[in-house]
Amino acid sequence: MKIIGIVSNEMTVDEGIFLGSKRTYINTDYIDMVLKAGAAPIMIPLATEEAVLKQIINNVDGIIITGGSDINPLRYNEGPLPLLGEVNDSRDEADIKILEMALKERKGILGICRGCQIINVYFGGTLFQDISYCNNKNIFKHIQSNFRGNPSHGISIDENSFLYKVLGSRALVNSFHHQSIKDIGNNLRVTAVADDGVVEGIEGLTDELVIGVQWHPEMMKEIESMILLLKMFIEKL
Ligand code: MN
């Protein structure tokens, strides 16, 4: 059985006897989805020491870079604009090191939401610090108000892509992001776009092991095609 490492997040405990202490966590949806796809999930802590990461990454077949807070715009040479959300420099640091190591060790990488954005930034791309900063006046609401597992907007998918093999040319996806990809990074290509033009899927230009999606397939775990996305990612590893 293949092992999928899931990158964790960090929060500060805001109640109870451990008030103020840090807690490392991953949302259970990721674990459930990896289990549904027939692989073994393990959590990757926010470690940055090379020897530690090497040991962890050598022991997994692929990694999921999860959602989370905004990426510090200094990572793509921009100053913070007023609508930038919360940033977490230690998560940024860990993600970058994990990506670097995973690429070096030829492990599959699936970036989800923030994970998709950090892949883009890693390869030299940029982000809209808030979707409203793009020039399109007819932009959708990309933070949906309905149940997280329900679809919110349509996407069109490029024919020659991994996402096309899984979902075909059209899909309905959920949406929980206030930022989006601006300039695509080097050695990456856009493979899925929302009906308002927002980038929703990216893949390695030549590297089949690099995939990023802006939506949350792990929250749509009742929908067969989203389970298939994870299954087909895992099959490649
Ligand atoms: Mn969206």
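Observations on the model:
- Conditions (1) within 18 Å of the chain's Cα centre (by Cα); (2) within 11 Å of the ligand (Cβ to nearest atom): number failed by ASP183: (2)
- Residues in the stretch 129-150 that are in contact with a helix residue (DSSP H, G or I) (Cβ under 7 Å, 6 or more places away or on another chain), farther than 24 Å from ARG189 by Cβ and more than 14 Å from the ligand (Cβ to nearest atom): GLY149 alone.
- Selection of first residues in the stretch 151-169 that are within 16 Å of the ligand (Cβ to nearest atom) and of second residues that are part of a loop (DSSP other than H, G, I, E, B) and among the hydrophobic types (A, V, I, L, M, F, W, C), restricted to Cβ pairs under 7 Å at least 6 apart or on distinct chains, gives the following pairs, ordered by first then second residue: HIS153/PHE140.
- Residue within the stretch 209-217 that is within 16 Å of the chain's Cα centre (by Cα) and among the small types (Gly, Ala, Ser) present: yes
- Residue match in the stretch 66-85 (condition: of a type in the set (Asp, Glu), at pLDDT 95 or above, within 18 Å of the chain's Cα centre (by Cα) and part of a loop (DSSP other than H, G, I, E, B)): no
- All positions within the stretch 215-232 that are within 16 Å of the ligand (Cβ to nearest atom) and either free of Cβ contacts under 8 Å to residues at least 40 places away in the same chain or part of a helix (DSSP H, G or I) (or both): PRO217, GLU218, MET219, MET220, MET226, LEU229
- Matching residues, the stretch 214-232, being surrounded by fewer than 24 Cβ atoms within 10 Å (Cβ to Cβ) and within 16 Å of ASN160 (Cα to Cα): MET232
The values are calculated or read from the model by the stated rules, or taken from the named source; none is laboratory data. In this text the structure is predicted, and so the values were computed from the model without any measurement. A quick note on method: Cβ atoms are made from the backbone with ideal geometry, for glycine too, and the neighbour counts reach across all protein chains shown.
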